[in-house]
Amino acid sequence: MKIEKIKLPSPFPPNHTNSYLINDLLLVDAGVNSEENVKILEKFSDDVILFLTHPHADHFGAAYLFKFAYGHEITCKRLKDAEEEYFELVYHHFISEGLPESLAKKMQERAKERYRGYVIPCDNCKKAPERIKVDGDVFEVIHTPGHSFGHLCLYHKEKKIIFCGDIVLEDITPNPVIEPINEEKRLCVLEQYVETLRKLYRLEVRKAYPGHREIRRNWRELILSYVDNWRKRSLEVWKLAEGKTAFEIATTLFPDIRQIFLAMTETIAHADFLLSNNLIEKRGMRYFRCSEREEVEEMWKRIEERITRGGRDR
Ligand SMILES: [Zn+2]
């Protein structure tokens, strides 16, 4: 199998996105729409099919350059309006979690300004099949929600390789990004992320190709390090649940207001998860602890066991 790594420049941290050309036929992710990126991508012939791991600007912004793309249904949907509807709902949720409306408005305006042009709306995306054949190589398409509900991985069972987008990265813990269903409801993204890790831990992986940087660590060891990071963050959110709103918790944990989007989304993910496990409660917009620290620790221990047990019974 021929795999060519193409490093695409990106305005978002960590300032590049990895794209991979498999057997000269399938390209995994396209990066943002930018002048320098278009120059790189234009070299690909019309025969190259694009595979989109997930609907984030730094992965699907330049998808319009290709005749044909595969992605999750959500990815295809968000590509059509360049995520406009999604962001509308996100700010609605942020406001209902205590973000001052004036700040939300400012953020929205700034995001629009920053975003404008990075994602070009298009409708060349089709729902990915369960398997994709690239020359002689057959890849399983695995649904891996958590960082984005529309996240997909490509797994080659015989060769034990995986193209894992942003769901597993090294040196950066991917954000469990907020996933609104409508103005009131949203998915419990951390619950989905845990389930995804359980699924991914079971796979035999010799080499992983991530959306950013490189993965050198052992696959299963890396997955377990996520649980450890979440356990720590979870305890921080639990501790701050003393009548604070998610916005107040977020700005206590991450005082840098420039990071407010990621701070809000991570705090909400943890609050939703603690809430669904009955470890905190919500009155109006405010969160309150209703458990002991040990109960939070125990929950994460059980989660780790669930993930590793899944690895053994295969
Ligand atoms: Zn992403």
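The values are calculated or read from the model by the stated rules, or taken from the named source; none is laboratory data. Small disclaimer: the values here were computed from a predicted structure and weren't measured. Here Cβ is always computed from backbone atoms with ideal geometry, including for glycine, and neighbour counts include all displayed protein chains. Remember, those area values only see protein heavy atoms, side chains included, never the ligands or the DNA or RNA. Shrake-Rupley method; radii C 1.70, N 1.55, O 1.52, S 1.80 Å.
For every residue, the table says whether it meets (1) in the same structural domain as Leu65 (by TED's automatic domain parsing); (2) open to solvent by 50 Å² or more (accessible area, probe 1.4 Å); (3) at pLDDT below 95.
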residue	(1), (2), (3)
Lys126	yes, yes, no
Val134	yes, no, no
Asp137	yes, no, no
Val141	yes, no, no
Gly146	yes, no, no
Lys159	yes, yes, no
Asp171	yes, yes, yes
Leu203	yes, no, no
Lys207	yes, yes, no
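Just checking, does the range 32-46 include any residue being within 21 Å of Gly150 (Cα to Cα) and more than 15 Å from the ligand (Cβ to nearest atom)? First the steps, then the outcome.
Start the filter on the range 32-46 by keeping residues that are within 21 Å of Gly150 (Cα to Cα), which leaves 32-33.
Next, from what is left, pick out any that are more than 15 Å from the ligand (Cβ to nearest atom): 33.
Yes, that holds for at least one residue.
Just one of the numbered conditions (1) within 16 Å of the ligand (Cβ to nearest atom); (2) over 28 Å from Lys133 (Cβ atoms); (3) crowded, with 20+ Cβ neighbours inside 10 Å is not true of Gly71; which one?
It fails just one condition, (2).
Hey, among the residues in the range 32-49 that are touching a residue at least 24 places away in the same chain (Cβ under 8 Å) and outside any loop (DSSP other than H, G, I, E, B), which one's surrounded by the fewest Cβ atoms within 10 Å (Cβ to Cβ)?
Initially, the range 32-49 is screened for residues touching a residue at least 24 places away in the same chain (Cβ under 8 Å), giving 32-34, 36-38, 40-41, 48-49.
In the following step, the residues that additionally are outside any loop (DSSP other than H, G, I, E, B) were identified as 36-38, 40-41, 49.
Details: Glu36: 11, Asn37: 23, Val38: 16, Ile40: 17, Leu41: 21, Ile49: 18.
Among those that are touching a residue at least 24 places away in the same chain (Cβ under 8 Å) and outside any loop (DSSP other than H, G, I, E, B), it is Glu36.
Residues checked against (1) at pLDDT below 95; (2) of a type in the set (Ser, Thr, Tyr); (3) more than 16 Å from Leu222 (Cα to Cα):
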| residue | (1), (2), (3) |
| --- | --- |
| Leu279 | no, no, yes |
| Arg286 | no, no, yes |
| Ser291 | no, yes, yes |
| Glu298 | no, no, yes |
| Glu305 | no, no, no |
| Arg312 | yes, no, yes |
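For the range 187-199, what are the residues that are touching a Ser or Thr at 6+ places or on another chain (Cβ under 7 Å), open to solvent by less than 40 Å² (accessible area, probe 1.4 Å) and in a helix (DSSP H, G or I)?
Thr196
Could you count how many residues in the range 162-186 are assigned to a strand (DSSP E or B) and closer than 30 Å to Met1 by Cα?
First, the residues of the range 162-186 that are assigned to a strand (DSSP E or B): 162-165, 180, 186.
Next cut, closer than 30 Å to Met1 by Cα only: 162-165.
The qualifying residues number 4.
Answer yes or no: is there a residue in the range 50-66 that is β-branched (Val, Ile, Thr), buried (at least 19 other Cβ atoms within 10 Å of the Cβ) and more than 16 Å from the ligand (Cβ to nearest atom). Spell out the reasoning first.
Our first condition is that a residue be β-branched (Val, Ile, Thr); within the range 50-66, this holds for 53.
Narrowing the set further to residues that are buried (at least 19 other Cβ atoms within 10 Å of the Cβ) leaves 53.
Now drop any that are not more than 16 Å from the ligand (Cβ to nearest atom), which leaves none.
Taking every residue of the range 50-66 in turn, none turns out to be β-branched (Val, Ile, Thr), buried (at least 19 other Cβ atoms within 10 Å of the Cβ) and more than 16 Å from the ligand (Cβ to nearest atom).
Given the conditions (1) in contact with a Lys or Arg (Cβ under 9 Å, 6 or more places away or on another chain); (2) under 28 Å from Ala269 (Cα atoms); (3) in a loop (DSSP other than H, G, I, E, B), and given that Asp24 satisfies all but one, which numbered condition is not satisfied?
Checking Asp24 against (1) in contact with a Lys or Arg (Cβ under 9 Å, 6 or more places away or on another chain); (2) under 28 Å from Ala269 (Cα atoms); (3) in a loop (DSSP other than H, G, I, E, B), the one that fails is (2).
Please work out which residue is most open to solvent (accessible area, probe 1.4 Å), limiting yourself to the range 174-183 and to residues that are in contact (Cβ under 8 Å) with a residue 12 or more places away in the chain and away from the ligand (no atom under 12 Å from the Cβ). Lay out the reasoning, then the answer.
Restricting attention to the range 174-183, the residues satisfying the condition of being in contact (Cβ under 8 Å) with a residue 12 or more places away in the chain are 174-180, 182-183.
Add one more test, that the residue is away from the ligand (no atom under 12 Å from the Cβ), and what stays is 178-180, 182-183.
Details: Ile178: 5, Glu179: 8, Pro180: 16, Asn182: 60, Glu183: 94 Å².
For the range 174-183, the residue satisfying everything is Glu183.
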